[in-house]
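What follows draws every value from the coordinates through simple rules; no lab data is involved. Predicted model, so just to flag it, every value in this text is computed and none were measured. Here Cβ is always computed from backbone atoms with ideal geometry, including for glycine, and neighbour counts include all displayed protein chains.
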Amino acid sequence: MKPPRPRLAAFLLATVVMACGHGGGDRLLAVGTAAPDFVATAHDGRRIALADLRGRYVALYFYPKDDTPGCTKEACGFRDAATSLEGAGVVVLGVSEQDNVSHAAFAEKYHLTFPLVPDERGEIAAAYHVPVTLGMARRITYLVDKDGRIARVWPSVTPTGHANEILSSVGELRAGGH
């Protein structure tokens, strides 16, 4: 019997890891943890540095792939809630493994008004302990508070209505004096 080919073996291992809900043994960052800083150039040419967003809430959402059904629903939900999110002091940042060419096409096609950040090497995902399999990040969202700390984590996101979950959480944080 021939041994499995390396690519096939890696694919099978990644499939098992994702099915079991593990990402290399790393746990997601805990509430209260300092959000890892990063600097990147978004699809629209904007320089994004998390440290520069202190004083505002940041919805940092990781998604698998541009222009796929679930990712499109989630992104359009953030787009449609943009006025409410801005009014609540929330900056939305979408992060996936695709490059800025893909992000720009996705943003243009769906009229997305918030930055899409490329994470082609998976460095941002790794800093946030977001599992990535076959170049696709798991759909996870972190809400970073005004002081740069993790305020809320969604380890499993339903794309439809997620923007409203963010707004609700920010409302709760504000009511609690955060």
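Quick one: putting +1 on the C-beta of Lys and Arg, -1 on the C-beta of Asp and Glu, what dipole do you get for the chain around its Cα centre, in Debye to the nearest 20?
Computed charge dipole of the chain: roughly 440 debye.
Helix 6-20 sits at what angle to the longest principal axis of the chain, using alpha carbons and giving 0 to 90 degrees rounded to 10?
Rounded to the nearest ten degrees, it is 50.
If the chain between Ala126 and Thr68 were fully stretched, how many nm would it gain, using 0.36 nm times the residue separation less the Cα-Cα distance?
Gain on extension, Ala126 to Thr68, equals 18.6 nm.
Go through Val39, Ile124, Ser84 and say which Cα lies farthest out towards the positive end of the charge dipole of segment 21-178; charges sit on Cβ, +1 for Lys and Arg, -1 for Asp and Glu.
Ser84
Using amide H atoms built in the peptide plane, which far-off residues or other-chain residues are under 5 Å from Val95 H to H?
Tyr61, Phe62, Tyr63, Val117
I'd like to know how segment 74-178 sits against the 2.2 N^0.38 Å rule of thumb: what's its Cα Rg over that expected value?
Normalised Cα radius of gyration, segment 74-178: 1.08.
Compute the angle between helix 100-110 and the longest alpha-carbon principal axis of the chain, please, reported from 0 to 90 degrees and rounded to the nearest 10.
60
Can you list the aspartates and glutamates whose alpha carbon is less than 15 Å from that of Lys109, not counting same-chain residues fewer than 8 positions off?
Cα-Cα hits under 15 Å: Asp44, Asp66, Asp67, Glu74, Asp80.
Give the Kirkwood hydrodynamic radius (Å, one decimal) of segment 41-101, defined as one over the mean of 1/r across all pairs of different Cα atoms.
12.6
With the calculation restricted to Cα positions, what are the radius of gyration and Dmax of the chain in angstrom?
16.6, 64
Mind pulling the angle between the C-alpha long axis of helix 162-175 and the longest principal axis of the chain? Nearest 10 degrees, somewhere in 0 to 90.
Once rounded, one gets 50 degrees.
Hey, for a label at Ala34 modelled as a point 7 Å past Cα toward Cβ, could you say which residues of segment 90-131 have their backbone N under 20 Å away?
123-130
Cα to Cα, under 17 Å, and not fewer than 8 places away if on the same chain: which aspartates and glutamates meet these conditions relative to Lys73?
Straight-line reach from Lys73, under 17 Å: Glu108, Glu165.
What fraction of the DSSP beta bridges in the chain is antiparallel, stated in percent and rounded to the nearest 5?
So the antiparallel bridges in the chain amount to around 60 percent.
Gaussian network model of the chain, Cα springs within a sub-10 Å range: biggest mean-square fluctuation belongs to which of Ala137, Ala40, Ala125?
Ala40
Once you've got the GNM for the chain with C-alpha springs shorter than 10 Å, pick whichever of Phe38, Phe106, Phe114 has the biggest mean-square fluctuation.
Phe38
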